[in-house]
Amino acid sequence: MVSVEEAISKVTAYFFKSSPITKSIHDSLGYVLAADVFSNIDMPPFPQSAMDGYALCIHKSLKYTIVGEVKAGDSKIFELQEGEAVRIFTGAAVPQSANAVMMQEKTSIENSELVLEEVPKPQQNIRPQAEQIRTGQLAIAKGRKLSPSALSFLATVGVLEVSVYPKPKVGIVVTGSELVQVGKPLAYGEIYESNSILLANTLKSEGIIDYTIYRVTDVYENTKNLLEKVTSENDFVLVSGGISVGDYDFVGKALRELGTQEIFYKVKQKPGKPLFFGKCTDCFVFALPGNPASALTCFYMYGLPMLRYFLGIEKPFLNRAYKKIAHDYTVKGIRAQFLKAIVTDDEVEILSQQSSAMIAGFINANAYVFVPEYSTEINKETLVEVILLP
């Protein structure tokens with residue numbers, strides 16, 4: 001059995017990234033950049049009108065002669081003389097000879113002449129060429145997760161393809177003869193299986209969609225055969241249940257018989273003591289407890305950071321902070337504990353539903369309060385370590 005700190009250290013020691021791949025910006029949402037991306041163009045690539053109005057070659061009078069029109073996308077070139085103007089629209093290229101744009105609401109037309117309501121200021125309402133970025137300038141640094149806005153910006157600066165880290169292939173194995181898929185009638189002694197939904201949706205929230213769910217009853221040969229198949233087909237395997245010491249917990253035995261390298265088994269924590277982390281050929285296995293709150297806690301603390309690092313995220317662990325606790329709290333047990341909690345700007349409150357079987361406690365929680373080993377009492381307004389949930 002290892003401590004929480006030892007478990008984190010052992011998982012971190014096996015962090016790795018896969019070789020980068022090239023993807024179109026149309027297909028790279030949620031991927032992490034493996035290389036810096038530089039702009040192919042100035043943006044904007046020309047002086048650009050920020051308003052519908054008139055581009056002016058400024059002179060001393062408020063009256064201007066209109067000599068043409070430029071709409072967005074036009075490539076017309078006007079050489080304006082002092083006192084001349086062209087009708088212009090938002091996003092259109094401002095003639096190089098113009099030095100201001102007057103918004104149309106502050107103009108009028110009298111006898112075919114443009115009349116301004118106020119004196120124009122040089123360069124007003126003109127977006128300078130390369131105001132956002134210049135050709136060859138860094139657009140987005142490596143390590144950034146590509147959001148819709150980031151991909152839009154890359155399209156804006158003429159980038160079509162990017163180098164990114166691939167997303168992992170994950171197998172989710174659910175064990176338990178008592179488990180029934182939701183929607184089917186329950187017999188006495190059966191319960192609805194929910195951990196596959198829990199883990200699959202947690203993966204999807206991280207942008208990981210290449211996963212497969214497998215189910216197996218508590219039969220040793222079936223468990224071994226399925227784990228052999230799943231570990232050969234995936235980069236990571238998450239096993240739900242069957243890893244404790246009961247007569248029908250066959251996951252650990254099956255993994256060892258398959259030659260899985262045990263990196264650690266059991267962590268001095270609550271919830272989630274019976275956690276197995278190992279490597280089977282090229283696949284990493286996290287065998288999680290079957291109780292939902294335990295499974296999610298173990299995944300958040302150990303499995304998710306490893307998957308995030310594989311995706312290219314340099315700081316993959318959940319964020320931590322220190323907050324004052326809003327009440328006294330008596331700690332039950334001597335193991336380190338991850339207590340579901342609600343964090344506000346100023347303080348944190350530990351919630352009541354802490355049972356490892358109660359996933360409902362996570363509905364309102366946005367954090368854990370981490371309690372170190374051998375803690376006994378936490379007094380109100382004491383600073384406690386808080387781990388923020390994703």
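List of remarks:
- Intensity falloff of the stretch 48-127 expressed as log10 I(q)/I(0), Debye formula with alpha-carbon point scatterers, at q = 0.11 Å⁻¹: -0.21
- Furthest towards positive pole of dipole, Ala336, Met358, Tyr368, structure part the chain, Cβ charges: Ala336
- Derived scalar couplings ³J(HN,Hα) [the stretch 315-325; Karplus, 6.51 cos²θ - 1.76 cosθ + 1.60; whole Hz; x for Gly, Pro]: 10, x, 7, 4, 5, 10, 7, 10, 9, 6, 7
- Residue-span extension gain [Arg144 to Tyr248] - 0.36 nm each, minus C-alpha spacing: 33.0 nm
- Potential lengthening between Glu381 and Thr156 on full extension [0.36 nm per residue; Cα-Cα distance subtracted]: 76.0 nm
- The mean sequence distance of close C-alpha pairs (under 8 Å, at least 6 residues apart), as a share of the length of the stretch 232-390, puts its relative contact order at 21 percent.
- Note, ³J(HN,Hα) from phi for the stretch 91-106, Karplus 6.51, -1.76, 1.60, rounded to Hz, x at Gly and Pro: x, 6, 6, 7, x, 4, 7, 8, 10, 6, 10, 9, 5, 5, 5, 10
- Its relative contact order, with pairs defined as Cα atoms under 8 Å and 6+ residues apart, puts the chain at 16 percent.
- Legend: Rg and Dmax of the stretch 320-388, from Cα coordinates, 11.1, 30 Å.
- Highest to lowest packing among 73-84, 95-106, scored as the average C-beta count within 10 Å: 95-106, 73-84
- Descending by average beta-carbon neighbour count within 10 Å, the peptides 372-384, 181-193 line up as 372-384, 181-193, the highest first.
- Using C-alpha pairs under 8 Å with a sequence gap of at least 6, the mean separation divided by the residue count of the stretch 320-388 gives a relative contact order of 49 percent.
- Translational diffusion of the stretch 169-299, estimated by Stokes-Einstein from the Kirkwood radius over alpha carbon pairs at 10 °C in a medium of 1.306 mPa s, is 108 µm² per second.
- Space enclosed by the convex hull of the alpha-carbon atoms of the stretch 85-156, per residue, Å³: 128 Å³
- Enclosing the Cα atoms of the stretch 1-156 in their convex hull gives a volume equal to 166 cubic angstrom per residue.
- Where labels lie 7 Å past Cα in the beta-carbon direction, separation of Glu257 and Asp282 in nm: 2.6 nm
- Three semi-axes of the equivalent ellipsoid, the stretch 102-245, Cα gyration tensor, whole Å, largest first: 62, 21, 10
- Chain lengthening between Ser108 and Tyr220 when straightened (0.36 nm per residue, less Cα-Cα): 31.7 nm
- Phi-based couplings in Hz for the stretch 285-298 (Karplus 6.51, -1.76, 1.60; Gly and Pro marked x): 10, 10, 8, 9, x, x, 5, x, 5, 5, 4, 5, 4, 4
- Between the amide H of Phe317 and any residue lying 5 or more places away or on another chain, no distance stays under 5 Å, with hydrogens modeled in the peptide plane.
- Amide H partners (placed H, <5 Å) of Arg144, local residues excluded: Leu33
- Taking amide hydrogens as placed 1.01 Å from N in the peptide plane, the amide H of Gln337 sits under 5 Å from those of Lys270, Val371, each at least 5 positions away in sequence or on another chain.
- Note that the chain carries a Kirkwood radius of 25.4 Å, evaluated over its alpha carbons pair by pair.
- Across the stretch 268-390, the fraction of Cα-Cα pairs farther apart than 22 Å, rounded to a whole number, is 36%.
- Under the simplified labelling scheme, the Lys324-Asn201 pair shows an inter-label distance of 3.6 nm, with each label point 7 Å from Cα along Cα→Cβ.
Read-outs throughout are calculated quantities, based only on the coordinates presented, and are distinct from any laboratory measurement. These numbers were taken from a predicted model, which means no experiment stands behind them. Using ideal geometry, Cβ is built from the backbone for each residue, glycine included, and neighbour counts are taken over all protein chains shown.
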